[in-house]
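Q: Just dropping this structure here.
The values are calculated or read from the model by the stated rules, or taken from the named source; none is laboratory data. Keep in mind that what you see is a predicted model, and the values were worked out from it rather than measured. We place every Cβ from the backbone using ideal geometry, glycine too, and count neighbours over all the protein chains shown. Keep in mind that these areas ignore ligands, DNA and RNA; they rest on the heavy atoms of the full protein, side chains included. Shrake-Rupley method; radii C 1.70, N 1.55, O 1.52, S 1.80 Å.
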Amino acid sequence: VSGYSLVVQARDSGTPPLSSSVTVNVDISDVNDNGPVFTPANYTAVIQENKPVGTSILQLVVTDKDSFHNGPPFTFTILTGNEEEEFTLDPHGVLRSAVIFKHMVATEYVLCVQAKDSGKPQQVSHTYVQVRVIEESIHKPTAIPLEIFIVTMEDDFPGGVIGKIHATDQDVYDVLTYTLKSEQKSLFKVNSHDGKIIALGGLDNGKYVLNVSVSDGRFQVPIDVVVHVEQLLQEMLQNTVTIRFDNVSPEDFVGLHMHGFRRTLRNAVLSQKQDSLHIISIQPVAGSNQLDMLFAVQMHNGGFYKPAYLIQKLTNARRHLENVIRISAILEKNCSGLDCQEQHCEQSLSIDSHSLMAYSTARISFVCPRFYRNVRCMC
């Protein structure tokens, strides 16, 4: 308890008795009776040989239960194990290399580190740090090529995470870092630690080939990343058809079925090779394990096929489509729950271009806007 607030009353013996009150604040001052605490109590770290001087090896974590003026900043000192001055310890508790280590010279160091708090008198604590020197990388990183499809409403792409690079390394202790060629940083960014790809706002329609690489500190490997951006036209939304699937997640559909289903769907609904199939959005059905895929087909002259025509084509080809993935329903209108007959039901579709859904797998990522259906009876 850091303080108490008391109300004290004095009452005299007169008739009638008179009284008065006063507030007494009692502050409890802290004494430095707690030492610094290392978390964990002892440390183990590794460093690869031939790493440059100044390489970060370990971050010490220290806390103190005393008040702030009796705790940090802490003073760190290496007491033993650093007689040849192979290590340095900065004021923030970061242990760094002071030499270039060789696995053939020594494979292990044990340091005794002291932390001293800022109180008077000062309290101290100790921890032991075991540092293993391992051989440098002998394996190159391996990365899976990534293809990203972005669907956006005209020039209204808000930006965001659009995919993630999947890379591995057979060297157990390698830490992978990702970089993007500098001239592409005006449109895209890559998180150097986890490989997430971020697109900035306002992407134009077209194809982008990103120069991304992954490094383990010794080897640098290029990664094929291709981004396709397709801008929707308002006329597409008036000519959409929905195919509903059972028991499939968006990620499974994108990673396992989308390419094959797109190819089969093109064969089923395209009347001419010059026609274009546009997958507008993929979205889970709320409260179920179903998935809706929204698409439209554009004729080579620029117009769009009507939904009734597409549904007829789909119905005739349903058996072939289900060789790829099972279809639950083919929807033009979604009038369930309304008390009007289907021919008196009107459906409208709206796209929220600022609410993007990104379904990312190791090889394919699909980014699309959220859509909403509105249905009403036409009397």
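Q: Considering 218, 244, which residue is in the same structural domain as residue 363 (by the TED database) and either open to solvent by 40 Å² or more (accessible area, probe 1.4 Å) or not β-branched (Val, Ile, Thr) (or both)?
A: 244 is the lone residue from the list that is in the same structural domain as residue 363 (by the TED database) and either open to solvent by 40 Å² or more (accessible area, probe 1.4 Å) or not β-branched (Val, Ile, Thr) (or both).
Q: Report whether or not residue 192 is modelled with pLDDT of 90 or more, open to solvent by 30 Å² or more (accessible area, probe 1.4 Å), part of a loop (DSSP other than H, G, I, E, B) and more than 30 Å from residue 75 (Cβ to Cβ). Break it down into steps so the answer makes sense when it comes.
A: Values: modelled with pLDDT of 90 or more: yes; open to solvent by 30 Å² or more (accessible area, probe 1.4 Å): yes; part of a loop (DSSP other than H, G, I, E, B): yes; more than 30 Å from residue 75 (Cβ to Cβ): yes.
Yes, satisfied.
Q: Shifting gears a bit: Of the residues that sit in region 88-118 and are among the small types (Gly, Ala, Ser) and either touching a Ser or Thr at 6+ places or on another chain (Cβ under 9 Å) or not in a loop (DSSP other than H, G, I, E, B) (or both), which one is modelled with the lowest pLDDT?
A: In this case the residue turns out to be 118.
Q: Still on this model: Give the number of residues within region 241-278 that are β-branched (Val, Ile, Thr), over 17 Å from residue 328 (Cβ atoms) and out of contact with any helix residue (DSSP H, G or I) (no Cβ under 7 Å at 6 or more places or on another chain).
A: Taking region 241-278 first, the residues β-branched (Val, Ile, Thr) are 241-243, 248, 254, 264, 269.
Still in the running and over 17 Å from residue 328 (Cβ atoms): 254, 269.
This time we only want the ones that are out of contact with any helix residue (DSSP H, G or I) (no Cβ under 7 Å at 6 or more places or on another chain), so: 254.
Count: 1.
Q: Any residue at all in region 68-76 that's among the aromatic types (Phe, Trp, Tyr), in a strand (DSSP E or B), under 31 Å from the mean Cα position of the chain (by Cα) and surrounded by 12 or more Cβ atoms within 10 Å (Cβ to Cβ)?
A: no
Q: On the basis of being aromatic (Phe, Trp, Tyr) and assigned to a strand (DSSP E or B), does residue 157 make the cut?
A: On the way: aromatic (Phe, Trp, Tyr): yes; assigned to a strand (DSSP E or B): no.
The answer is no for residue 157.
Q: From the list 183, 154, 136, pick out the single residue that is touching a residue at least 12 places away in the same chain (Cβ under 8 Å), of a type in the set (Asp, Glu) and out of contact with any Asp or Glu (no Cβ under 7 Å at 6 or more places or on another chain).
A: 154
Q: Hey, could you check region 113-129 for residues that are open to solvent by 60 Å² or more (accessible area, probe 1.4 Å) and either free of Cβ contacts under 8 Å to residues at least 12 places away in the same chain or under 17 Å from residue 44 (Cα atoms) (or both) and say which is farthest from the chain's Cα centre (by Cα)?
A: Among those residues, the one meeting the criterion is 126.
Q: Any idea how many residues of region 334-361 are at pLDDT 85 or above and either part of a strand (DSSP E or B) or surrounded by fewer than 15 Cβ atoms within 10 Å (Cβ to Cβ) (or both)?
A: The number of residues fulfilling the criteria is 5.
Q: How many of the residues making up region 17-38 are modelled with pLDDT of 95 or more and either open to solvent by 90 Å² or more (accessible area, probe 1.4 Å) or of a type in the set (Ser, Thr, Tyr) (or both)?
A: Number of matching residues: 6.
Q: Take the residues in region 86-112 that are buried (at least 17 other Cβ atoms within 10 Å of the Cβ) and over 36 Å from the mean Cα position of the chain (by Cα); name whichever of them is farthest from residue 50 (Cα to Cα).
A: 111
Q: For region 71-87, check the following and say yes or no: at least one residue is over 30 Å from residue 175 (Cβ atoms) and at pLDDT below 95.
A: yes
Q: Out of everything in region 221-241 that is within 23 Å of the chain's Cα centre (by Cα), among the aliphatic types (A, V, I, L, M) and surrounded by fewer than 19 Cβ atoms within 10 Å (Cβ to Cβ), what residue ends up being nearest to residue 146 (Cα to Cα)?
A: Per the stated criteria, the residue is 226.
Q: Still on this model: Could you give every pair whose Cβ atoms fall below 7 Å, whose first residue belongs to region 346-360 and is under 17 Å from residue 238 (Cβ atoms), and whose second residue is not in a strand (DSSP E or B), counting only separations of at least 6 or pairs across chains?
A: Correct list of pairs: 346/378; 347/333; 347/334; 349/237; 349/240; 351/237; 353/156.
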